[in-house]
Amino acid sequence: MRKHLKAKDIILIILILVVAAGAWLLHEVLKDTGSGVAVIRVDGVIEGTYPLTEDREISINGGSNTLRIRNGSAKMIYADCPDQLCVNQRAVSADNESIICLPNRVIVEIQSRQESEYDAVTN
């Protein structure tokens, strides 16, 4: 026995797809990306606080590190340390995400209303 879709079934499928697409679009438009600030600490002392809404490059710790803020996120683009872990880390934009350069004692932490997509990270 072969069953065919009826007109009401097709309308229901289209309605579900339209609602799903509308919900996704609404989420993308209303999300809170880039509304936070990047707090830069050197040796535990705050060196500066910069909004994620303004694109800029920031020289940190006398030029040992350079942070780039662009499109609502922050990324370390230069460090004179040997391991380059902070430079190879992805950009951060959500609350409590951070970039840490241990050799230069630099911490960049994001403070925002947007929560991180990760609950915890293990290695």
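The values are calculated or read from the model by the stated rules, or taken from the named source; none is laboratory data. Keep in mind that this is a model prediction, so the values were computed, not measured. Note: ideal-geometry Cβ built from the backbone for every residue, glycine included; neighbour counts use all protein chains shown. Please note that ligands, DNA and RNA were not included when accessible areas were found on the heavy atoms of the full protein model with its side chains. Shrake-Rupley method; radii C 1.70, N 1.55, O 1.52, S 1.80 Å.
Here no strands (runs of 3 or more DSSP E) wholly within region 16-123 include at least 3 residues being among the polar types (S, T, N, Q) and either exposed (fewer than 15 other Cβ atoms within 10 Å of the Cβ) or at pLDDT below 95 (or both).
As a summary of the residue check, Leu12 satisfies the conditions (1) open to solvent by 100 Å² or more (accessible area, probe 1.4 Å); (2) out of contact with any helix residue (DSSP H, G or I) (no Cβ under 9 Å at 6 or more places or on another chain) except for the one numbered (1).
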